[in-house]
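Read the figures in this text as sums done on the coordinates, not as results from a lab. Since this is a predicted model, take the numbers as computed values, not measurements. Cβ coordinates were reconstructed from backbone atoms using ideal geometry, including for glycine residues, and neighbour counts include every protein chain displayed.
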Amino acid sequence: MLAVLAGLAGLQMPLGAASDQKDRTRDDAEGWTLSQMNRLSGPQRVKIDRNHVKMENLKSGLIGIMTGPPWKVTFYNKQTKIILQTDYARLTTCLDEGFSGDAELDVIQSAKLKEVMGRKLTIAGQKTKLYALRNPRALAQTRTRKATYAEEFAAMPSVDPVPMATIDYWVASDIRVADEISDFICQIYRMPYSAAVPLRLKALDANGRSTTELDTFGCVPGKIPASEFAIPKGYRKAKGFREFVFGEGSQNQAVQMMQGFMESENKSSPPGDKGKKH
């Protein structure tokens, strides 16, 4: 499932925003193809150049493309042959329709991160900058066993918000793209807003739960063919993002599921508890 950034209102200078904005306009590379893994949405292939991005979910077949300026957004699914088109200004609202919610990502997205100087790390051949949160007092307990890497990617949404003890957020130093392109990627992954392309985010919450929200395993520089950003024809148009992600009738299905859950809860409750006021 695609993830969404809750909102950009009130944010200050984005992470990774360079003071030398002139440098960010240089076409000093033709493009990059990234192989990434997102905790909630799974494996992704990301193709980017300065003014184009294509994100393909290798598991679900969902594809998101943004090109500009002017910034136009298209989502389509090769498996279900459905398409949805909007623009950058309405992107957050559009994505909100199809995101089921994850309390952990809410906390991470809104965390106040600071750049860590002197920490050099190369990820998939790319130099990075590190932005971090250090809040050791929030750590209520520690794990008796360190989580395996696979466990850190467990795609189980968090229901209750838990404070973060540490966040390490690495973004690319040398991948030069428009800020809107980086923001599109951040919104899909629900990462903190960044003017640089996100490559890795690791978090440790107050309960000692360690997660890898995003990681990058490959980065291949090279020109991206224009055909990669072409919009397919003959697809059925979705009325909204929820329909695009879940298909027609998804809202009725969700209501029926909730009603069924409530009925099963009532049946499992002791007779004396039904209708009991607390």
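Quick notes on this structure:
- Full-extension gain in nm, S35 to L121, via 0.36 nm per residue minus C-alpha separation: 29.2 nm
- Leading residue at positive end of dipole, the range 72-132 (Cβ point charges), from T122, Q79, A111: T122
- Straightening the chain between I231 and T80 buys 52.8 nm, computed as 0.36 nm per residue apart minus the Cα-Cα spacing.
- Derived scalar couplings ³J(HN,Hα) [the range 76-93; Karplus, 6.51 cos²θ - 1.76 cosθ + 1.60; whole Hz; x for Gly, Pro]: 8, 10, 5, 7, 9, 6, 10, 9, 9, 10, 8, 10, 4, 5, 9, 4, 4, 4
- Estimated FRET transfer efficiency (D179, K59; beta-carbon r; R0 25 Å; 0.05): 0.30
- Out-of-range pairs (alpha-carbon distance over 19 Å; input K54/K120; K72/K233; K54/K78; K72/K112; K47/K112; K54/K223): K54/K120; K72/K112; K47/K112
- Our coupling estimate for the range 174-183, obtained by passing each phi through the Karplus curve with A = 6.51, B = -1.76, C = 1.60 and θ = phi - 60°, is 10, 8, 9, 9, 5, 4, 4, 5, 4, 5 Hz, Gly and Pro reported as x.
- Ranked packing of 130-136, 38-44, most packed first, by mean Cβ within 10 Å: 38-44, 130-136
- Our coupling estimate for the range 35-41, obtained by passing each phi through the Karplus curve with A = 6.51, B = -1.76, C = 1.60 and θ = phi - 60°, is 10, 10, 10, 10, 4, 8, 9 Hz, Gly and Pro reported as x.
- Dipole orientation for the range 161-213: of the candidates V162, P198, Q187, V162 has the Cα lying most toward the positive pole (charges on Cβ; Lys, Arg +1; Asp, Glu -1).
- Förster radius 45 Å - calculated FRET efficiency between V220 and A138, Cβ distance, rounded to 0.05: 0.70
- For N207, residues with placed amide H under 5 Å, excluding near neighbours: A140
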